[in-house]
Amino acid sequence: MRFDELVIPDSRICRSALEVATAYCSPALLNHSVRAYLWAAAYAGLNDLAFDAELLYVSSMLHDLGLTDAFDNHGLPFEEAGGHVAWVFGAGAGWPVERRERAAEVIVKHMWDEVPLAEDSEGHLLELSTGLDISGRNIEAIPAELRAEVLARHPRGDLAAEFVACFESQAARKPGSLAGDFVRTGFGARVAANPLDA
């Protein structure tokens, strides 16, 4: 599979989600959000998995907004805050309630250890792709040539340092969150060992 074979939706709401992510995310966090979709789409294509490309794209663009200063919620884990942003975004875009709830659900689930494919294909794909991009988990699922193409178009920059700092901030202020669990179980070391940064 090559980059040009990836399914990248271009609906009005997808363009708007990218606009929002561009406005509120750092360059490194924005590229992470884009790669999260691309890794997910690539994995789905390589494994002949059906998925809702628009829903997954929007969820990918918005999944880490809860880490940004503008949307960091003092009481909620960042993935739940991001899910609320997606719900509001979907309402503004005219999505029905059920579709807004799906986007929020996909974003919340991306922090799970595992999202069963049979239960939620978009949640499964975003959980897989974000783990791949942040810590290199399941990196072998994407061919090396495609990884190189994606990284050339959407470079990582200082994502590792920025992301670890974001999670450490979340853990300090919200110790009961999944981010807190990640930090207590060696998140920084896993991110530092990501072969995508080699």
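The values are calculated or read from the model by the stated rules, or taken from the named source; none is laboratory data. What you see is a predicted model; the values in this text were computed from it and never measured. Neighbour counts run over all protein chains shown; Cβ positions are idealised from the backbone, glycine included.
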- Message: With the requirement that a residue be assigned to a loop (DSSP other than H, G, I, E, B) and either at positive phi or of a type in the set (Gly, Ala, Ser) (or both), what does the range 60-89 give you?
- Response: Ala70, Gly75
- Considering every residue within the range 150-157, establish whether at least one is within 18 Å of Asp113 (Cβ to Cβ) and modelled with pLDDT of 95 or more. no
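Count, please, the residues in the range 90-144 that happen to be assigned to a loop (DSSP other than H, G, I, E, B) and of a type in the set (A, V, I, L, M, F, W, C).
Residues in the range 90-144 being assigned to a loop (DSSP other than H, G, I, E, B) and of a type in the set (A, V, I, L, M, F, W, C): 7 in total.
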- Of the residues in the range 154-174 that are under 24 Å from Thr22 (Cβ atoms) and charged (D, E, K, R), the one that is surrounded by the fewest Cβ atoms within 10 Å (Cβ to Cβ) is Asp158
- Among all residue pairs at least 6 apart or on different chains, which show Cβ distances below 8 Å where the first residue, located in the range 147-158, is assigned to a helix (DSSP H, G or I) and the second is loosely packed, with under 15 Cβ neighbours inside 10 Å? Glu149/Arg2
- Note on the structure: (1) buried (at least 18 other Cβ atoms within 10 Å of the Cβ); (2) more than 13 Å from the chain's Cα centre (by Cα); (3) not β-branched (Val, Ile, Thr) all hold for Gly136 apart from (1)
- Message: Whether any residue in the range 8-17 is under 15 Å from the mean Cα position of the chain (by Cα), at pLDDT 95 or above, surrounded by 21 or more Cβ atoms within 10 Å (Cβ to Cβ) and within 16 Å of Gly82 (Cα to Cα) is what I want to check.
- Response: yes
- Within the range 175-193, of all residues that are crowded, with 19+ Cβ neighbours inside 10 Å and touching a residue at least 12 places away in the same chain (Cβ under 8 Å), the one nearest to Leu30 (Cα to Cα) is Val191
- Message: Return the pair list, or none, for Cβ contacts closer than 6 Å from residues in the range 20-33 that are more than 18 Å from Phe167 (Cα to Cα) to residues that are outside any loop (DSSP other than H, G, I, E, B) and of a type in the set (S, T, N, Q), at least 6 apart or on different chains.
- Response: Ala21/Ser33
- Task: Considering every residue within the range 71-80, establish whether at least one is buried (at least 19 other Cβ atoms within 10 Å of the Cβ), in contact with a helix residue (DSSP H, G or I) (Cβ under 7 Å, 6 or more places away or on another chain), under 27 Å from Arg147 (Cβ atoms) and acidic (Asp, Glu).
- Result: yes
